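Okay, so here's the structure we're looking at.
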Ligand code: HEM
């Protein structure tokens with residue numbers, strides 16, 4: 001056992017004073033309860049309503065249709081994500097370690113099937129939609145790519161009028177009908193349901209609709225108006241002028257500075273830095289130097305001011 | 001049965017250990033060392049009290065289910081109580097943490113008190129986070145879709161899916177609070193068992209030595 005004054009301390013043999021620990025505890029509880037009630041009355045708490053796919057496709061129909069296209073042609077964030085959703089990318093690296101990839105695609109998401117084909121197939125069939133889906137399902141990979149390429153090329157001229165998405169191309173096979181049908185489905189609210197009920201009646205898992213929403217610009221635009229972006233220290237904020245998760249300040253801080261602010265592996269690097277710092281904090285009592293700072297800085301003289309004053313008297 | 005046989009029983013041994021380590025006058029003391037006289041000691045018990053209010057307001061929210069507070073004025077108020085007690089809890093805990101650091105309160109065999117404190121701090125952060133993503137409103141949609149990238153990048157996302165509301169709610173109202181409360185209980189019991197850490201034994205200051213010399217003359 002070390003004899004360092006940062007580790008050892010002689011048991012106290014000095015004077016004691018009366019102290020009613022239960023009374024102090026009760027007073028503290030009452031004070032905290034009153035303070036909480038006061039803060040709740042004065043400041044309330046934020047509750048901005050949830051965004052639905054219906055609202056998104058109604059307010060920003062083009063953004064929705066473009067996002068649906070990106071799920072079909074494999075350019076969306078989710079489609080290219082990698083683990084845990086798919087194997088499209090190796091994911092982030094911590095030096096030579098691809099942690100996410102090693103743990104694998106345990107929450108499989110196939111953007112074509114899950115976001116477009118399955119929901120459309122669940123719709124009450126109309127002759128046009130049934131024909132389009134049959135054409136899609138009967139086509140080979142090369143044919144599908146050709147249709148998608150044609151649609152994607154023309155999609156910069158996408159318009160939305162009279163409730164219909166149009167793109168000036170005739171070479172896209174069933175894709176225009178599929179995108180437009182998905183748009184109608186979304187605007188009716190049916191897509192919100194279809195995305196969560198793929199595993200049955202009861203549901204508590206919103207992975208699919210949240211990924212779909214996050215692939216579009218609409219959710220991010222709303223967040224930006226509320227100052228919630230990562231570059232706006234968003235992780236620790238919440239809607240309105242509330243303190244939010246202020247204790248995440250250090251975690252959020254790393255994202256704002258180089259090398260993390262420009263790194264493509266920022267998430268895993270910041271996580272590693274925070275894990276390391278947490279271990280250091282945990283082991284402070286055992287780390288020479290770190291555990292001596294309190295003795296060197298002598299802040300304790302302030303904390304135990306009365307004690308030292310009475311000692312020197 | 002011989003008395004040595006009784007002494008060797010697990011139950012007897014546990015009782016002896018507990019009564020030796022935690023005699024009633026340590027669990028519920030009526031005096032404290034004279035140095036326990038600083039406003040900084042308030043923050044430990046404030047953290048504990050705030051945790052109590054957090055749990056209590058959480059219980060009331062649980063009675064009515066996760067969506068109640070969107071549609072009821074009373075529910076919204078209870079949610080505000082829950083939010084603000086959490087803010088007080090973290091505020092007090094962080095001051096408590098730094099004060100214990102600058103008191104080097106791990107001295108004299110108290111390192112495990114520090115370690116349980118830090119683990120409780122980390123578990124509390126995880127608990128609060130799962131609460132933020134279980135709100136079923138815009139905040140939870142945005143926070144979960146943002147946080148997924150950080151968590152997925154470490155591989156943890158493979159089994160801890162922040163977009164799965166049911167899973168997050170379970171972690172928030174069962175698993176993590178249970179761990180946080182158990183750790184807190186352990187933490188406080190350890191403080192009681194060890195007593196409050198004494199101040200550094202400073203060598204008498206030069207002033208004092210000078211004064212003593214003058215007095216002697
Ligand atoms: C749920 C969170 C926590 C609660 C409810 C809590 C509560 C308490 C209470 C009531 C005390 C005794 C009174 C006092 O000295 O203030 C105490 C002591 C202590 N706490 Fe905590 N604490 C928490 C978190 C932490 C953290 C995060 C740390 C440090 C990393 C920490 C380190 C300590 C230490 C080292 C002591 C012993 C103090 C001494 O002997 O003077 N605690 N805690």
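The values are calculated or read from the model by the stated rules, or taken from the named source; none is laboratory data. Note that the structure is predicted; figures quoted are calculated from it, not measured. Using ideal geometry, Cβ is built from the backbone for each residue, glycine included, and neighbour counts are taken over all protein chains shown.
Below, the figures for the structure above:
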{"read-out": "Options A:228, A:281: the member that is within 24 Å of residue B:86 (Cβ to Cβ), within 16 Å of the ligand (Cβ to nearest atom) and crowded, with 16+ Cβ neighbours inside 10 Å", "value": "A:281"}
{"read-out": "Failed criterion for residue A:97 (all others in (1) free of Cβ contacts under 8 Å to residues at least 12 places away in the same chain; (2) touching a helix residue (DSSP H, G or I) at 6+ places or on another chain (Cβ under 8 Å); (3) closer than 30 Å to residue B:145 by Cα hold)", "value": "(2)"}
{"read-out": "Number of the exception - residue B:169 against (1) within 8 Å of another protein chain (Cβ to nearest Cβ); (2) in a loop (DSSP other than H, G, I, E, B); (3) in contact (Cβ under 8 Å) with a residue 12 or more places away in the chain", "value": "(2)"}
{"read-out": "One residue from A:78, A:67, A:87 being part of a loop (DSSP other than H, G, I, E, B), assigned by TED's automatic domain parsing to the domain that holds residue A:175, surrounded by 20 or more Cβ atoms within 10 Å (Cβ to Cβ) and within 21 Å of the chain's Cα centre (by Cα)", "value": "A:78"}
{"read-out": "For residue B:101: the one exception among (1) touching a helix residue (DSSP H, G or I) at 6+ places or on another chain (Cβ under 8 Å); (2) free of Cβ contacts under 8 Å to residues at least 12 places away in the same chain; (3) more than 9 Å from the ligand (Cβ to nearest atom)", "value": "(3)"}
{"read-out": "Yes/no for residue A:13 being more than 7 Å from chain B (Cβ to nearest Cβ) and within 30 Å of residue A:292 (Cα to Cα)", "value": "yes"}
{"read-out": "Verdict on residue A:242 being touching a helix residue (DSSP H, G or I) at 6+ places or on another chain (Cβ under 8 Å) and in a loop (DSSP other than H, G, I, E, B)", "value": "yes"}
{"read-out": "Residue satisfying all of: in region A:23-36; facing chain B (nearest Cβ under 7 Å) and surrounded by fewer than 17 Cβ atoms within 10 Å (Cβ to Cβ); nearest to residue B:131 (Cα to Cα) among these", "value": "A:25"}
{"read-out": "Residue that is farthest from residue A:241 (Cα to Cα) [pool: residues in region B:134-166 that are within 25 Å of the chain's Cα centre (by Cα) and in a loop (DSSP other than H, G, I, E, B)]", "value": "B:160"}
{"read-out": "Test result for residue B:131, more than 7 Å from chain A (Cβ to nearest Cβ) and within 16 Å of the chain's Cα centre (by Cα)", "value": "no"}
{"read-out": "Qualifying residue in region A:47-62 (condition: in contact with a strand residue (DSSP E or B) (Cβ under 7 Å, 6 or more places away or on another chain) and in a helix (DSSP H, G or I))", "value": "yes"}
{"read-out": "Every residue from region A:286-311 that is outside any loop (DSSP other than H, G, I, E, B) and under 42 Å from the mean Cα position of the chain (by Cα)", "value": "A:286, A:293, A:294, A:295, A:296, A:297, A:300, A:303"}
{"read-out": "Some residue of region A:193-203 being crowded, with 20+ Cβ neighbours inside 10 Å and touching a helix residue (DSSP H, G or I) at 6+ places or on another chain (Cβ under 8 Å)", "value": "yes"}
{"read-out": "Scan of region B:49-61 for residues that are crowded, with 21+ Cβ neighbours inside 10 Å and over 15 Å from residue B:75 (Cβ atoms), ordered by number", "value": "B:49, B:50, B:51, B:53, B:54"}
{"read-out": "From the options A:29, A:72, A:39, residue that is under 30 Å from residue B:199 (Cβ atoms) and either not in a helix (DSSP H, G or I) or not assigned by TED's automatic domain parsing to the domain that holds residue A:242 (or both)", "value": "A:29"}
{"read-out": "Qualifying residue in region B:31-40 (condition: within 21 Å of the chain's Cα centre (by Cα), within 14 Å of the ligand (Cβ to nearest atom), under 24 Å from residue A:39 (Cβ atoms) and at pLDDT below 95)", "value": "yes"}
{"read-out": "The one condition in (1) away from the ligand (no atom under 16 Å from the Cβ); (2) at pLDDT 95 or above; (3) more than 8 Å from chain A (Cβ to nearest Cβ) that residue B:211 fails to fulfil", "value": "(2)"}
{"read-out": "Qualifying residue in region B:123-136 (condition: at positive phi and within 9 Å of the ligand (Cβ to nearest atom))", "value": "no"}
{"read-out": "Listing of helices (runs of 4 or more DSSP H) fully contained in region A:114-231 that carry 1 or more residues being more than 14 Å from chain B (Cβ to nearest Cβ) and without any contact (Cβ under 8 Å) to a residue 60 or more places away in the chain", "value": "A:118-122, A:127-138, A:141-154, A:175-188, A:190-196"}
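This table checks each residue for (1) more than 8 Å from the ligand (Cβ to nearest atom); (2) in the same structural domain as residue B:173 (by TED's automatic domain parsing); (3) assigned to a helix (DSSP H, G or I).
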| site | (1), (2), (3) |
| --- | --- |
| B:75 | yes, no, yes |
| B:80 | yes, no, yes |
| B:97 | no, no, yes |
| B:121 | no, yes, yes |
